[in-house]
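Take a look at the structure below.
A short reminder: the numbers here are calculations on the coordinates, not readings from a lab. Note that the structure is predicted; figures quoted are calculated from it, not measured. A quick note on method: Cβ atoms are made from the backbone with ideal geometry, for glycine too, and the neighbour counts reach across all protein chains shown.
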């Protein structure tokens, strides 16, 4: 990312949506950006694992886990797969696990929090659909910018 989110907002204003939801930062990349891909799933990370095993080409995966902190939607092995696949980052409206290991990976991660409990593996969920949480619409192909100040998404 070349400009901080605060400078981007100063330049583009209401052409950008600002996520009001306060997410925690994980991963070694404090700032990241890229085109959005999406998943909606609830306490089941099979679709997350399968998606992050594909080439990311600098994209950011936005996962709507309905804000559940009951189970983790991503751990260190899935995050390492994302790094190998060239993903820029992952934004999770839910929890992760293995946060210490994830913090050592060259990946940007934002999530509500952590929980060591594994999620289900049934493969339920939907991918590449519009998501809305935290007052922001996440559309496939829109651009997401994230840094220490927060997350901005193009309209």
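Using 0.36 nm per residue of separation minus the Cα-Cα distance, give me the extension gain between residue 127 and residue 7 in nm, one decimal. Each step should come with its number before you reach the end.
Numbers: separation 120, 0.36 × 120 = 43.20 nm, distance 3.14 nm.
Gain on stretching residue 127 to residue 7: 40.1 nm.
Could you tell me the calculated FRET efficiency between residue 137 and residue 46, based on Cβ-Cβ distance and R0 = 22 angstrom, to the nearest 0.05? Present the calculation step by step, with values, prior to reporting the outcome.
Working: r = 25 Å, r/R0 = 1.15.
E between residue 137 and residue 46, to the nearest 0.05, is 0.30.
Rounded to the nearest 500, what is the 222 nm mean residue ellipticity of the chain from helices alone, with -39500 (n - 2.57) per DSSP H run of 4+ residues and division by all residues? Don't skip to the answer; put the middle values down first.
Values: 4 runs with 29 residues, N = 155.
Taking each H run of at least 4 residues, the total per residue is -5000 deg cm²/dmol.
With an 8 Å cut-off on Cα pairs and a minimum separation of 6 or more residues, tell me the relative contact order of the chain in percent. Intermediate results must be reported in sequence, preceding the final value.
Details: 421 pairs, mean separation 55.4, N = 155.
Rounded, it is 36 percent for the chain.
Computed FRET efficiency, Cβ-Cβ of residue 155 and residue 57, R0 30 Å: what is it to the nearest 0.05? Kindly include the intermediate steps, with their values, before the conclusion.
Details: r = 23 Å, r/R0 = 0.76.
After rounding, the FRET efficiency stands at 0.85.
Find how much the distance from residue 28 to residue 148 grows on full extension, using 0.36 nm per residue of separation minus their present alpha carbon separation; answer in nm with one decimal. Don't skip to the answer; put the middle values down first.
Values: separation 120, 0.36 × 120 = 43.20 nm, distance 1.20 nm.
Length gained, residue 28 through residue 148: 42.0 nm.
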